[in-house]
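Below is one structure, written out as structure tokens, with a few remarks after it.
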Amino acid sequence: MNPRIIRLHPKTFDRLARSRREAERNGAYRVATRIHAVLLNCEERTSGEIAAILQAPRSKVSEWLATYAAHGVDGLLEGYRSGRPGALSEAQRVTLADMGVRQIRGC
């Protein structure tokens with residue numbers, strides 16, 4: 001099996017390195033770790049090597065790399081969740097929110 005290697009343009013590499021440092025300064029260590037995994041992979045390290053360096057499960061490292069390949073840096077940010085989009089329309093969301101407010105007021 002060939003390892004997944006993400007090729008980055010030098011400017012993209014620099015931008016990601018800056019984003020990683022900024023995430024660390026802001027206390028977003030999980031995001032910084034995910035970005036670090038992409039940077040290490042660009043240096044042709046395997047997911048097993050990256051997992052050892054970052055002390056993370058290899059399966060998670062592989063998942064982060066796949067997410068970056070599919071969604072870019074937005075996929076590495078906190079709060080991003082892949083999966084089925086919500087089925088409620090905006091009007092249904094508003095109605096549901098209104099119902100919750102009424103129930104709280106009625107207590």
Residue that is farthest from THR12 (Cα to Cα), among those in region 60-91 that are open to solvent by 80 Å² or more (accessible area, probe 1.4 Å) and modelled with pLDDT of 85 or more: GLU90
Residue selected from region 1-21 under the condition more than 21 Å from ALA56 (Cα to Cα) and either in contact (Cβ under 8 Å) with a residue 60 or more places away in the chain or in a helix (DSSP H, G or I) (or both), by the criterion most open to solvent (accessible area, probe 1.4 Å): LYS11
Where ALA97 falls short, out of the listed (1) open to solvent by 70 Å² or more (accessible area, probe 1.4 Å); (2) modelled with pLDDT of 75 or more: (1)
Answer residue from region 22-32, given it is open to solvent by less than 60 Å² (accessible area, probe 1.4 Å) and out of contact with any Asp or Glu (no Cβ under 9 Å at 6 or more places or on another chain) and is farthest from HIS71 (Cα to Cα) among those: GLY27
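The values are calculated or read from the model by the stated rules, or taken from the named source; none is laboratory data. Predicted, not measured: the structure shown is a model, and the values here were computed from it. Here Cβ is always computed from backbone atoms with ideal geometry, including for glycine, and neighbour counts include all displayed protein chains. Accessible surface areas use protein heavy atoms only, side chains included; no ligands, DNA or RNA. Shrake-Rupley method; radii C 1.70, N 1.55, O 1.52, S 1.80 Å.
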